[in-house]
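Student: After the structure tokens below, expect a handful of questions from me.
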Amino acid sequence: IKSLKIIGNRAEIITHCNKRFIIHNSKNSRAARWLRNKWFYDVCGQCKIPSWKLEKYSSTFLNKRWGSNL
């Protein structure tokens, strides 16, 4: 994620390849759940995220007591 801007009860996410997403700003939203649980379909071909970063992202887990404020 390149930037995140809160707009009322919605949030605008801009990725490094300049794709824009408008999501509902809620802990229970689908987007928030997918980010928390680290679910994704495929890596964006335009962002060119290095494999070491993807491995690091997929190996870390957050629980309610530690790291949930990241």
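The values are calculated or read from the model by the stated rules, or taken from the named source; none is laboratory data. Computed from a predicted structure; not experimentally measured. Ideal geometry is used to build each Cβ from the backbone, glycine not excepted, and the neighbour counts take in all protein chains shown.
Student: Restricting to region 38-70, name every residue that is of a type in the set (Lys, Arg) and either farther than 16 Å from Ile1 by Cα or at pLDDT below 75 (or both).
Tutor: Taking region 38-70 and keeping what is of a type in the set (Lys, Arg), we get 38, 48, 53, 56, 64-65.
Hits for region 38-70 are Lys38, Lys48, Lys64, Arg65.
Student: Only one of (1) at pLDDT 75 or above; (2) not in a strand (DSSP E or B) is not met by Ile6, so which one is it?
Tutor: (2)
Student: Which one is nearest to the chain's Cα centre (by Cα), of the residues in region 9-20 that are surrounded by 13 or more Cβ atoms within 10 Å (Cβ to Cβ) and without any contact (Cβ under 8 Å) to a residue 24 or more places away in the chain? If you could, list the steps in order and put the result at the bottom.
Tutor: The initial filter retains those residues of region 9-20 that are surrounded by 13 or more Cβ atoms within 10 Å (Cβ to Cβ), namely 10-16.
Applying the additional criterion that residues be without any contact (Cβ under 8 Å) to a residue 24 or more places away in the chain yields 10-14.
Values: Arg10: 15, Ala11: 12, Glu12: 12, Ile13: 9, Ile14: 10 Å.
Ranking the qualifying residues of region 9-20, first place goes to Ile13.
Student: Out of all the residues in region 34-56, is one or more in a loop (DSSP other than H, G, I, E, B), charged (D, E, K, R) and under 12 Å from the mean Cα position of the chain (by Cα)?
Tutor: Within region 34-56, the first condition is being in a loop (DSSP other than H, G, I, E, B), and the residues that meet it are 38-50.
Retained after the next criterion (residues that are charged (D, E, K, R)): 38, 42, 48.
Next, only the ones that are under 12 Å from the mean Cα position of the chain (by Cα) stay: 38.
Looking through region 34-56, at least one residue is in a loop (DSSP other than H, G, I, E, B), charged (D, E, K, R) and under 12 Å from the mean Cα position of the chain (by Cα).
Student: Between residues in region 25-37 that are at pLDDT 75 or above and surrounded by fewer than 14 Cβ atoms within 10 Å (Cβ to Cβ) and residues that are not in a helix (DSSP H, G or I) and not hydroxyl-bearing (Ser, Thr, Tyr), which pairs lie under 9 Å by C-beta distance while being six or more apart or on different chains?
Tutor: Ser26/Asn9; Arg30/Ile23; Arg30/His24; Arg33/Lys27; Arg33/Trp39; Trp34/Phe40
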